[in-house]
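What follows is a single structure, written as structure tokens, with notes after it.
The values are calculated or read from the model by the stated rules, or taken from the named source; none is laboratory data. Computed from a predicted structure; not experimentally measured. Cβ sites come from the backbone with ideal geometry, for glycine too, and all protein chains shown count toward neighbours.
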Amino acid sequence: MINYIRHLPIGFFSSVIGLSALAIAWRIAHNLLGVPEWIGTYIGYLAIADFLFVSIIYMVKVFLYWENVKIEFLHPVTGSLFSAIPISCMFIAGLILDHAPVIASSLWHAGAIIMFLFMIVIVHRWLQNKGSIGFANPTWLLPVTGLIGVSFVGFSFPVHAMWLVSQLSFAGGLILSIALFAMVISGLFFSKNQAGREEGAVFILIAPFAMGFLSYIRIEESIDQFADILYYSALFLCIIFLPKLFQLFKAGPFRTSWWAICFPLSLLSIASLRYVEDQNLVLRVPTNISLGILGLTSVVTVIIFFLCLFNLIRGKRL
């Protein structure tokens, strides 16, 4: 067990984000389309349990194997995955808002503050350690996705100066995501870097656009042309990457990085449902398409969850 804790990857927090976002998607589907409420409820319980489990285990790792944690944090790829911690806090806060508003508010504030501080650290690191575009990795887009998403849950809380916080986080995240997206795409298309192509990492490229759509419509309280562009950018990328999804399960044994698929797909599910919900649109995403994306996301998440659980029970390193 001790050896397992030593090698527990920070990417395991991606499971929390994926499950919590999926729970939110099913809750919206229940309110909008009348699907069974218990699905979102139990996925939410699972996300909360996962959050507590991963947080406790990783805190033990911090105390016992600080050097391992430090190596992960300074690594050009896994360092960006530490943003999954504040993102997890903000999404779990959204899940428990109705039942524990005080705890939810504290979690969201902690997540938002850590997210801003982490972005300052990671941007300075990018400025100091000038790397080749050929080594650009989709995981670099996870922190900016978290920054864009500060207002997605934040508007549910009575936050002082929320308008300023939302505009600052959305604008900063959008600028960085455009720049990083161009770098990562260039690296994937024109370099021999294989790391960014493997294990579903490319699906993270969907996340900034889907999250951008969700945060933007919370700020503007409507869906306009810019929101359309954000949503359809995410949908287009999802269609493009679907063949990669079907190839993934044949590629080899389960790895924790597979959880990176669930979060972007769950965000796209939420975005699709929000798109259908808007009644002022002449042309809107049909309900069956939004449910299809939600169903696909759920199936993929279930497969990855049981593969992960199976490997945990067998004591395999993830």
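Just to be sure I understand the filter: pairs with C-beta atoms under 8 Å, separated by 6 or more residues or on different chains, first member in segment 10-36 and within 14 Å of L265 (Cβ to Cβ), second member assigned to a helix (DSSP H, G or I) and among the charged types (D, E, K, R). Which pairs pass?
Listed pairs, sorted by first residue: S15/D50; L19/D50.
Look through A207, A171, A104 and report the one residue that is surrounded by 21 or more Cβ atoms within 10 Å (Cβ to Cβ), modelled with pLDDT of 90 or more and within 21 Å of I229 (Cβ to Cβ).
One residue alone meets the criteria, A207.
With the structure loaded, tell me whether V282 is surrounded by fewer than 12 Cβ atoms within 10 Å (Cβ to Cβ) and at pLDDT below 85 or whether it fails that test.
Answer is yes for this residue.
Taking the stated definitions as given, is Y45 among the aromatic types (F, W, Y), free of Cβ contacts under 8 Å to residues at least 40 places away in the same chain and either surrounded by fewer than 15 Cβ atoms within 10 Å (Cβ to Cβ) or closer than 23 Å to V144 by Cβ (or both)?
yes
I'd like the full set of residues that are free of Cβ contacts under 8 Å to residues at least 40 places away in the same chain and either aliphatic (A, V, I, L, M) or more than 27 Å from A25 (Cα to Cα) (or both), limited to segment 100-110.
If the condition is that a residue be free of Cβ contacts under 8 Å to residues at least 40 places away in the same chain and either aliphatic (A, V, I, L, M) or more than 27 Å from A25 (Cα to Cα) (or both), then A100, V102, I103, L107, A110 are the ones that fit.
I'd like to know if segment 69-89 contains one or more residues that are in contact (Cβ under 8 Å) with a residue 60 or more places away in the chain and farther than 23 Å from P138 by Cβ.
No, there is no match, as no residue in segment 69-89 is in contact (Cβ under 8 Å) with a residue 60 or more places away in the chain and farther than 23 Å from P138 by Cβ.
So which helices (runs of 4 or more DSSP H) stay within segment 132-190 end to end and still have 3 or more residues that are of a type in the set (G, A, S) and within 20 Å of the chain's Cα centre (by Cα)?
So the answer is 162-190.
For segment 25-82, what are the residues that are assigned to a loop (DSSP other than H, G, I, E, B) and within 23 Å of the chain's Cα centre (by Cα)?
Once the filter is applied, which keeps residues that are assigned to a loop (DSSP other than H, G, I, E, B) and within 23 Å of the chain's Cα centre (by Cα), segment 25-82 yields H75, P76, V77.
Across segment 32-41, which residue is nearest to G94 (Cα to Cα) among those that are surrounded by 13 or more Cβ atoms within 10 Å (Cβ to Cβ) and either out of contact with any Leu (no Cβ under 9 Å at 6 or more places or on another chain) or among the aliphatic types (A, V, I, L, M) (or both)?
This residue is T41.
Can you give me the number of residues within segment 53-68 that are free of Cβ contacts under 8 Å to residues at least 60 places away in the same chain and not hydrophobic (A, V, I, L, M, F, W, C)?
Number satisfying all stated conditions: 4.
Residues are listed down the side, and each one gets a yes or a no for (1) more than 30 Å from V302 (Cα to Cα); (2) in contact (Cβ under 8 Å) with a residue 24 or more places away in the chain; (3) of a type in the set (A, V, I, L, M, F, W, C):
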| site | (1), (2), (3) |
| --- | --- |
| F51 | no, yes, yes |
| I92 | no, yes, yes |
| D98 | no, no, no |
| M115 | no, yes, yes |
| V123 | yes, yes, yes |
